[in-house]
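Comments concern the structure below.
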Amino acid sequence: MSGTGTTADDDPLQTAVWRLRSRACWVDAAALLPPATPAAALQRAALLVERCLYTERGWEEAEDALRTAEALAHTDEERGAAACERGQLAYAATLHTVRDRADEARAALGRAAALIPPDAPGRPLLDFRRGLLAENLAHSPQAALAAYRRAHTGATAHANALLLSFTWRHLAGLALREGELAEARHGFAESLRIREELGYLVGTAPALASLADTQPEPEASRLREEARRLFRLLGGVPTWLATQLSPPAPGTARA
């Protein structure tokens, strides 16, 4: 979940990579990036790691790409960025119950924190991922909240719009858990707005579904149906959204 989408000064290669990535074509996007440089190898690995999180497939390809990126990294920031991706891959494997790699995820993100300076462009993404671990593996919402807030501030400072869509979404999720409906609705709406503006299609269905959870009927049903349409369009990606978008059984009310 690195990168900021397309901007006016993006080169044609990065524009093509973004368009493929945003439409869930991670393998095609990665194929445009031969790992000839540390930056290209790292970006390629990040794409394939993201594919694992969204599809629960491609674990070996991601591991291979990550090992290449780690081998090519020379500076502290490059090594830190590779460690950040290593932590994300281990997190995804644990989250999807492929294999318990929680300790590896924590160690890798801790290593990344020691290598990436606090004011570096890659630091907000690292903070966000440490928040994911705190929320979903350690089940510590307070630690997650602090990490997401740091990531949100950093993403704003570095104008990382895509990461902001994630921090808005996860801050809103914590607010909803605490019963702060208005705050949650605002955060989910901001996340959806940014993703629509960026054309981040693969992230739009989750944003629609989350916003639906804060809306009254009939708006909630309209949002969920739009999310289902996009989910089907992308071939059932992200996989974890299937349960959330399942229609309620006949005669049952949605909470």
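The values are calculated or read from the model by the stated rules, or taken from the named source; none is laboratory data. As the structure is a prediction and not an experimental result, all values here were calculated from the model. Note: ideal-geometry Cβ built from the backbone for every residue, glycine included; neighbour counts use all protein chains shown. These area figures cover heavy atoms from the full protein model, side chains too; ligands, DNA and RNA do not enter into them. Shrake-Rupley method; radii C 1.70, N 1.55, O 1.52, S 1.80 Å.
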**Asked** Mind checking which pairs have a first residue in the stretch 205-224 that is touching a residue at least 12 places away in the same chain (Cβ under 8 Å) and a second that is open to solvent by less than 60 Å² (accessible area, probe 1.4 Å) and outside any helix (DSSP H, G or I), Cβ under 9 Å, 6 or more apart or different chains?
**Response** ALA205/LEU234; ALA205/VAL237; ALA205/PRO238; PRO206/PRO238; ALA207/TYR200; ALA220/THR214; LEU223/GLN215
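What is the residue count in the stretch 224-245 for residues that are assigned to a helix (DSSP H, G or I), of a type in the set (A, V, I, L, M) and open to solvent by 20 Å² or more (accessible area, probe 1.4 Å)?
Total meeting the criteria: 2.
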**Fill in**
If we ask which residues in the stretch 14-53 are open to solvent by 50 Å² or more (accessible area, probe 1.4 Å) and either of a type in the set (Phe, Trp, Tyr) or outside any helix (DSSP H, G or I) (or both), their number turns out to be 6
**Single condition LEU181 does not satisfy, out of (1) in contact (Cβ under 8 Å) with a residue 24 or more places away in the chain; (2) hydrophobic (A, V, I, L, M, F, W, C); (3) surrounded by 16 or more Cβ atoms within 10 Å (Cβ to Cβ)** = (3)
**Prompt:** Taking helices (runs of 4 or more DSSP H) that do not extend beyond the stretch 118-223, which have at least 2 residues that are more than 25 Å from ALA24 (Cα to Cα)?
**Reply:** 141-157, 161-177, 181-198
**Prompt:** So ALA138 fits all but one of (1) under 13 Å from the mean Cα position of the chain (by Cα); (2) open to solvent by 10 Å² or more (accessible area, probe 1.4 Å); what number is the exception?
**Reply:** (1)
**Request:** For LEU164, indicate whether it is in contact with a Cys (Cβ under 7 Å, 6 or more places away or on another chain) and of a type outside the set (Lys, Arg).
**Result:** no
**Residue check, GLU56 of a type in the set (D, E, K, R), open to solvent by less than 70 Å² (accessible area, probe 1.4 Å) and modelled with pLDDT of 95 or more** = no
**Request:** Just name the residue that is surrounded by the fewest Cβ atoms within 10 Å (Cβ to Cβ) out of those in the stretch 87-108 that are more than 18 Å from the chain's Cα centre (by Cα), in a helix (DSSP H, G or I) and not aliphatic (A, V, I, L, M).
**Result:** ASP103
**Prompt:** All but one of (1) touching a helix residue (DSSP H, G or I) at 6+ places or on another chain (Cβ under 6 Å); (2) under 24 Å from ARG23 (Cα atoms) hold for ALA242; which doesn't?
**Reply:** (1)
**Request:** Check ARG123, ARG111 and return the single one that is open to solvent by 60 Å² or more (accessible area, probe 1.4 Å) and closer than 19 Å to ALA46 by Cβ.
**Result:** ARG111
